[in-house]
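In what follows, a single structure is set out as structure tokens and then discussed.
The values are calculated or read from the model by the stated rules, or taken from the named source; none is laboratory data. Keep in mind that this is a model prediction, so the values were computed, not measured. Using ideal geometry, Cβ is built from the backbone for each residue, glycine included, and neighbour counts are taken over all protein chains shown.
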Amino acid sequence: MSTFYLTTPIYYVNARPHLGHACTTIMADAMCRYRRLRGDRVYFLTGTDEHGERIAQVAAAAGKSPQAYADEIAGAFRETWRRLGITNDDFIRTTEPRHRKVVQEVLQRLYDAGEIYFGEYGGWYCFGCERFYTEKEIVDGKCPDHQTALTFIKEKNYFFKMSKYQAWLIKHLEDNPDFIQPDRYRNEVLGFLREPLQDLSISRPTSRLEWGIPLPFDDKYVTYVWFDALLNYYSAVASGGEKTSGLWEHVEHLIGKDILKPHGVYWPTMLKAAGIPLYRHLHVHGYWSLGGSKMSKSVGNVVEAFQLTDKYGHDAFRYFLLREMNFGLDASFSEEAFVDRLNADLANDLGNLASRASTLIAAAGPVATVTAPVEAADREIATAAAEARAVIEQAMEEFAFQKALGGRSGPGSSACSAPSPTRWASSASCWSRSSRTRPGRSARRSGRVAP
């Protein structure tokens with residue numbers, strides 16, 4: 001039995017769950033369900049990122065304390081995952097004592113080892129991303145993600161000696177080509193590392209921000225986003241209790257490409273400096289776009305998580321998200337595409353197969369022993385089933401959900417819709433075995449979906 005520990009990003013509580021959050025979490029849930037079916041020991045972690053400037057600002061605008069606001073939104077995430085049938089084993093919040101304890105322990109360890117120093121930095125800052133941008137990253141004077149004007153900030157802070165680990169990280173990526181998957185994102189991280197790596201600001205002064213975890217060696221500063229948020233993956237299992245013992249050595253992360261740099265550069269260097277084993281794999285998926293733009297709360301083009309599930313059902317929603325997006329690439333979302341996919345794959349292919357099979361079973365009735373000879377069509381089904389299983393197993397190793405659901409290449413050939421059984425179920429030979437008269441027309445559709 002293998003051990004499999006999978007994490008989603010922890011989601012920032014500046015807004016309620018939307019399609020982007022649901023997509024990543026459903027992908028993780030599908031993978032964990034698959035690994036449990038294989039008989040593996042599985043631990044599935046998700047949660048919420050609750051500190052930072054944006055949370056303090058949004059809470060103040062709502063007339064609430066940051067903690068009360070975080071409690072409300074974290075509750076909304078928990079309820080959303082419950083309604084969507086997500087099977088996570090743990091839900092971590094960065095405001096929990098267990099997380100705070102580990103963050104402060106790691107920071108103190110790094111500070112004592114000389115990996116953290118006090119310095120001054122000035123640069124262009126995005127309050128939405130809560131990070132500084134280099135001149136090369138800025139697009140027309142704006143944040144490349146939020147498309148908002150940046151603010152120049154100069155202040156004294158604590159820094160992690162990330163630049164010290166640049167050569168080591170390049171070698172690790174070259175020696176371990178499957179460390180970041182798909183390969184395009186490993187190449188992207190190597191592209192980041194062609195430029196000199198800067199040390200990482202890890203704090204904010206309490207004179208500007210109080211809503212965070214205090215540095216254990218200087219209470220005039222709180223921990224900055226990434227040294228707080230990224231450590232959740234470790235803090236959730238660091239206690240080494242019965243449920244979490246031995247999990248960390250098997251950890252794999254699933255993220256969207258917008259947070260590739262923190263997970264592909266900051267996180268492994270932080271772990272290396274702290275003497276914590278690295279994660280096994282980083283799996284990166286693309287964006288959902290709506291109307292040609294990345295789906296984003298700040299841009300205002302999000303699709304709420306239940307907008308479609310309430311209309312079409314949770315299973316149909318899960319199927320579309322997993323089937324429509326080629327893992328690692330961007331995908332375009334529309335309700336029309338959603339309906340077309342359901343009609344083509346589920347109502348037509350799988351629906352017809354289920355209808356024909358149930359009609360055949362009802363017509364033939366139960367038998368104690370199968371006496372009919374094995375024919376070519378039967379062997380075709382057995383071969384197709386073996387091929388489909390091999391395709392699915394390889395695809396799931398790559399987090400390629402669309403391949404697992406698509407089976408053989410080509411349109412209308414999904415593993416779940418099983419065209420070979422469909423052809424068999426509509427063949428004359430299969431109906432003749434029942435010693436009944438075959439219906440005069442093919443089985444009716446199971447019910448097409450209309451938008």
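A few comments on the model shown:
- Filter result for the condition that a residue is modelled with pLDDT under 95 and outside any strand (DSSP E or B), over Glu174, Glu188, Glu155, Glu210: Glu210
- Unmet criterion (only one of (1) at pLDDT 95 or above; (2) under 20 Å from Leu209 (Cα atoms)) for Asn14: (1)
- Of the residues Tyr224, Tyr234, the single one that is modelled with pLDDT under 95 and either among the acidic types (Asp, Glu) or surrounded by 21 or more Cβ atoms within 10 Å (Cβ to Cβ) (or both) is Tyr224.
- Of all residues in the range 364-383, those that are at pLDDT below 80 have Cβ atoms under 6 Å from Cβ atoms of residues that are hydroxyl-bearing (Ser, Thr, Tyr), 6 or more apart or on another chain, in Ala364/Ser434.
- When Thr7, Thr46, Thr24 are screened for being outside any strand (DSSP E or B), β-branched (Val, Ile, Thr) and either in the same structural domain as Gly240 (by TED's automatic domain parsing) or closer than 26 Å to Phe320 by Cβ (or both), only Thr24 passes.
- Selection within the range 101-128 - surrounded by fewer than 19 Cβ atoms within 10 Å (Cβ to Cβ) and touching a Cys at 6+ places or on another chain (Cβ under 7 Å): Gly128
- Considering the conditions (1) at pLDDT below 95; (2) surrounded by 15 or more Cβ atoms within 10 Å (Cβ to Cβ), Lys136 is excluded by exactly one of them, (2).
- Residue match in the range 64-86 (condition: among the hydroxyl-bearing types (Ser, Thr, Tyr) and within 24 Å of Lys403 (Cα to Cα)): no
- Residues located in the range 105-162, provided they are within 25 Å of Glu50 (Cα to Cα), in contact (Cβ under 8 Å) with a residue 40 or more places away in the chain and of a type in the set (A, V, I, L, M): Val106, Leu107, Leu110, Ile116, Met162
- All positions within the range 393-424 that are modelled with pLDDT of 80 or more and surrounded by fewer than 19 Cβ atoms within 10 Å (Cβ to Cβ): Glu393, Gln394, Met396, Glu397, Glu398, Gln402
- None of Arg54, Arg16, Arg35 is free of Cβ contacts under 8 Å to residues at least 40 places away in the same chain and either under 23 Å from Gly85 (Cα atoms) or part of a helix (DSSP H, G or I) (or both) except Arg35.
Condition check ((1) closer than 24 Å to Phe4 by Cα; (2) modelled with pLDDT under 95) across all residues:
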| position | (1), (2) |
| --- | --- |
| His21 | yes, yes |
| Thr25 | yes, no |
| Asp40 | yes, no |
| Asp49 | yes, no |
| Arg54 | no, yes |
| Val58 | no, yes |
| Lys64 | no, no |
| Ala70 | no, no |
| Asp90 | yes, no |
